[in-house]
Every structure is written in C-alpha cells, then in structure tokens.
Amino acid sequence: MAKSYSPIVLDSIEPEYFPAVNIYVKQGHNFTLYRSEEMELTESGLDRLRQSGVEFVHVDNSSADEVLLYVENNLKFICSNEKISRTSKNMVLSHIMMNNVAEVFKNPTQPETCIKCRNFLKQHEFLIDDRRDLMELLAKFSHYDVYLFKHSAQVAILAMYLHRKLFEAAGDELVAIGVGAMLHDIGMLDVSYDIHEKSGALTPKEYLRVRHHPRIGHDMLRQIGLTDPISLSMVLDHHERYNGTGYPRQLYEDEIPRNTQIGTICDTYCALTMDRPYRPASTPEEAVRIMQGEKKLYHPDFFDAFAGIIMG
Ligand SMILES: [Fe+2]
Ligand SMILES: [Fe+2]
C-alpha cells in the first residue's frame, strides 16, 4: 500500500501522552521525518515548529488510527485548554467531524456510526463567532485529502453557522441540521470512485447513477435508524432547486424545507470552493458570483443573506 499521510493539528499534541509514532513535517509536496517513533517528543521542540509557522504535522497511514483515537480521547481537554487557539480547536473538531463522516461511509449499515455523528454534535460546539472565524476555518480544509469527507464537514460547519446567524437555531434542531449536512452525500457510496472523480463529462448512464444518490443516501440512513425529518430532508432533497429543476422529486419553492434550502446553498458553495478533477477551486468571491448568476435556483432571501455573510 502506498504511503499516505494525515495532518494533525500541532496544538492538539500533548508530548507526554501523544502516541510513539513517526511524525512528519510537510515541505512543499514532500514529507520529511521530524521525529521517529523512538525519539522523545518535547514541548520545546513543538514550540520551535510553531515559531517557524507550522500548524500541522503529519503521521503516516500505519499510525493514523492510533493518533485519531488519541485526539478523540483528548478532545475535551483540547477544547478546554486556554493555551490552544480557537482556530486550532476548530480544526481539531473538524478533523473528528471528518472522521465521523468517514466511519459512516466505511460502515453504512451500522447504526452506531450515525449515532456517533449526533453525539459528537451534541457534545461539541465549534467556536465560530463571526465571518472571519468561519472563512479562516473553511480555508484550512485544504490540508486534508479525501474530498467527500472534507466537503461533508465544510457543508455541516457552514450550514450550522448560517442557521445560527439567520434563525438563531440551537439545540436539537442545530444537531439535526449538522447530522443532515454531514451525511448529505452518503448515497455517493453507490457511485463508483471513477465516476465521482472523473475529469470529463459524465455519460448519460453515469449521470443517472449520480442522480440517484440523494434517494439512496436517504434510504440508507433510514435503514440504520435515522428518523429526524430535518436530517432526512437535507439528504433526500439537497439537489432540489427553488425553481423546480432539481432532483429527485422536482420540489418547487417552499415545498423544499427551509433547512434544506440553506443546506443546498452551502453544498453548492462548498463544492465550488474546492479543487475537483474537472476544475480548480473558485475563491469565495468567485463562487458567490457564479451562484449569483444562477440565483433562480435558490430562495432569493436566503441566497442574499448567505452572500452577505460570505462577502462580509
Ligand atoms: Fe450531492
Ligand atoms: Fe455535496
């Protein structure tokens, strides 16, 4: 198996407790061994890395699970540690969120994976007060690899932020929105990797396959016990469009629930702002401009509110 590397937020490392694994620093496209597993890890060493501008270190795939478990087990401590910046805390939470999504993708028939997503959102809140925090966090996702996991986490973070700002959503509603957004593309499990990562145009047959993913995702989640109508609609209806041209049900205007209308705006924006095999990432401003050009696809008031927040 080819070696791959996972980024770890530097500030999440407590030298005394961090597992004895090889740690790498990324320089350009190369990964240089910073500390081998038998060497002691020291606070002063980590400080030197911080001073040279390093925010992430990397571990290789042989130790990624062990390190992830360490981060998960220390999440409470990391989030309450005043020495760790808000941005670092948000990145650690994003990392765990991506992993929760990955676990559902790996075990889509196990109800526990879905429950874990919900419990994570119940227990941990992202520390995002304003646009600057939000944009800074979304920009840091470029450190991570797997498109669908980081896309899902980005959509969840943005959807929860917009619902808090626009409708003061909180509690169980916000958790349901987060779960729906985290899992909105779970039906892509049914779409082969080749189709998903294809750089050219899809054949009609491939396109048909992709169009099934909201329904497949919805049915999959129902089968493992997801019942919240907010989450389920965010999965089933995230490709519906305000002017009735979406799929799978061709819902029109306010037939699409409010949470889902916000979710679709977030979904489109987060997809546009990430590199894809068939096009490079748009900047936030470009993405809003592209969406402005097809504004009839979105609820006009929600789109304006969203654009106002993104453009600052
Ligand atoms: Fe989708
Ligand atoms: Fe999506």
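Taken together, the values in this text are just the output of simple stated rules run on the coordinates, not laboratory data. Just so it is clear, the model here is predicted, and its values are computed rather than measured. Quick reminder, even Gly has a Cβ in these numbers, built from the backbone with ideal geometry, and neighbours come from all protein chains shown.
List of remarks:
- Percentage, to the nearest whole number, of Cα pairs in region 168-245 over 22 Å apart: 32
- Estimated D of region 62-104 in µm² per second, where Rh is the Kirkwood radius over Cα pairs and Stokes-Einstein applies at 25 °C, 0.890 mPa s: 226
- q = 0.10, 0.16 Å⁻¹: log10 I(q)/I(0) that the Debye formula gives for the chain, counting C-alpha atoms only: -0.58, -1.41
- Projecting the Cα atoms of L236, L226, G200 onto the dipole axis of region 199-242, where Lys and Arg carry +1 and Asp and Glu carry -1 at the beta carbon, places G200 farthest toward the positive end.
- Size estimate for region 101-250 follows the Kirkwood approach: the inverse of mean 1/r over distinct Cα pairs works out to 16.2 Å.
- With neighbours defined as other Cβ atoms within 10 Å of a residue's Cβ, the residues Y247, Y70, Y207 order from fewest to most as Y207, Y247, Y70.
- In this structure the amide hydrogen of F56, modeled in the peptide plane, comes within under 5 Å of the amide hydrogens of L10, none closer than 5 places in sequence on its chain.
- Sparsely packed trypsin sites (Lys or Arg not before Pro) within region 1-56, loop by DSSP, other Cβ within 10 Å at most 15: K3
- With Cα atoms as the point set, the radius of gyration and Dmax of region 1-115 evaluate to 14.6, 45 Å.
- Potential extension, N73-K296 segment - 0.36 nm per residue separation minus Cα distance: 75.7 nm
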